[in-house]
Amino acid sequence: MTERKPPRMAPAQKPLPEEVQTLISRIVPEGVPDFSLFTTMARDPRLFLRFAGRGLMGKGNLNKRQREIIVDRVTAQSGSEYEWGLHVAYFGDQLFDEAQLYSLVHGGPEDPCWNEEDRILIRMCDALHAHCTLDDELYGQVSSVLSDEAIIEALMLAGNYRTVAYITESLRLPLEGFGRRFPAKKN
């Protein structure tokens, strides 16, 4: 495992604007320090409020497992151990076993730990990561398991978490102490 370099940017100075702190307090569980991602983005309250106010993680057209497969695969492929670790700590540990968590980081859709719907979602993430689009065959597979509205949400979710990865990795945000770490690659 490589050592993380120091952050490139300090978080916003406290006290944060009231509307920013209110939104952070709604998202971050009670008793947990404010996430570095949020406090760093709060340097520009306008951008933070637009970013955090999108609400893609709430109840929508995707179920929890579908959302987390997309988030965890996109952040793993993008090298964002920061965001992958937060999501796995809060959601993934309840939805996936260790083989699936390993596969999301180091494996692929054909790993035996996945069912066919999971495989399609992982293939979708892989294609978006590599090409920013889905070919007709894969789009047909995705549309066989997701409604049109869920496809739009899945595409937005994947793009959103690619953006998060750009932020966490480019600014070298320190890993949160309670977040999971990428599993070590097996030989």
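Any read-out appearing in this document is the output of simple, stated calculations on the displayed coordinates, not a laboratory observation. If you're wondering where the values come from, they're calculated on a predicted model, not measured in any experiment. Because the Cβ atoms are built from the backbone with ideal geometry, glycine has one as well, and the counts that use them run over all protein chains shown.
Name every residue in segment 127-170 that is surrounded by 16 or more Cβ atoms within 10 Å (Cβ to Cβ) and farther than 12 Å from V74 by Cα, in order of residue number.
Listed by number, the residues that qualify are L134, L138, Q141, V142, V145, L146, A150, I151, E153, I167, T168, E169.
Being in contact (Cβ under 8 Å) with a residue 60 or more places away in the chain, surrounded by fewer than 17 Cβ atoms within 10 Å (Cβ to Cβ) and within 27 Å of T133 (Cβ to Cβ) is the filter here, so list the residues in segment 74-112 that pass it.
The answer is G79, H106.
Hey, A184 hits all of (1) assigned to a loop (DSSP other than H, G, I, E, B); (2) touching a Phe, Trp or Tyr at 6+ places or on another chain (Cβ under 8 Å); (3) hydrophobic (A, V, I, L, M, F, W, C) but one; which does it fall short on?
Single failed check for A184: (2).
Could you list all residues from segment 11-30 that are part of a loop (DSSP other than H, G, I, E, B) and over 22 Å from the mean Cα position of the chain (by Cα)?
First, pick out the residues of segment 11-30 that are part of a loop (DSSP other than H, G, I, E, B): 11-17, 28-30.
Once the filter is applied, which keeps residues that are part of a loop (DSSP other than H, G, I, E, B) and over 22 Å from the mean Cα position of the chain (by Cα), segment 11-30 yields A12, Q13, K14, P15, L16, P17.
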